[in-house]
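Participant: Provided herewith is a single structure, encoded as structure tokens, for subsequent inquiry.
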Amino acid sequence: MGSGQSSEKLHCNRYLNGQGPPSLVQQANEGLNGTHRALNSCQPEGQMTWVILQRDLPGFPDDNTLQLSYIFPDGIQMEKHPHPGQPYAGLRLCAYLPDNREGRRVLKLLDKAFHQQLLFTVATNEDGEDMVTTGFIPLKTQPEGGYKVDGYPDSEYLKAVRKLLKDKGVE
């Protein structure tokens, strides 16, 4: 993402109907029950980029911020998607990590998972429209506001994401 593009234009479609997966701690401790699991390789073609923002995240006062940008254009579903041959709406989404050793470690894992097509999927929303949405790995889509709005501070996030990715074979 170029530095001239406003992060305010990137919107979060974290959950299709306001219902998210179990808490991060529950997912990490118990594993996923299949309800929110994305199918492997169901992620459409998209782009992942990241930049460093010269600001801290709540809970990480001494670190800058890594802003990850995911862009999926509108497209036509393939055989691996719910309705092959039908259109789906794309997605523009930002996620945030602290720019420290642990945050960089998670960034590398998320990059690997993205290239293995494990982070996003095509799903049908409550209005019957097919769209790109996040899969089984929760992303921090708000820099502030706490875990209830997918933001910081959230002291368990980095550890929980590492565990979830490891459970999917991403190390």
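Participant: How high is the FRET efficiency between Glu156 and Lys108 when r is their beta carbon distance and R₀ equals 25 Å, given to the nearest 0.05?
Facilitator: My answer for the efficiency is 0.80.
Participant: When we measure straight from the Cα of Lys148, which aspartates and glutamates land under 16 angstrom away, once same-chain ones fewer than 8 places off are left out?
Facilitator: Within reach: Glu156.
Participant: Evaluate E = 1/(1 + (r/R0)^6) for Ile52 and Glu144, where r is the Cβ-Cβ distance and R0 equals 22 Å; express this FRET efficiency to the nearest 0.05.
Facilitator: Plugging the Cβ-Cβ distance into 1/(1 + (r/R0)^6) gives 0.80.
Participant: Going through the cross-link list Lys80/Lys108; Lys112/Lys166; Lys108/Lys166; Lys108/Lys159; Lys112/Lys168, which pairs have a Cα-Cα distance over 20 Å in this structure?
Facilitator: Checking Cα-Cα distances, Lys80/Lys108 exceed 20 Å.
Since every read-out is calculated from the coordinates, none of them should be taken as a lab result. Quantities reported herein were computed from a predicted structural model and do not represent experimental measurements. Heads up, the Cβs are rebuilt from the backbone with ideal geometry, glycines too, and the neighbour counts pull from every protein chain shown.
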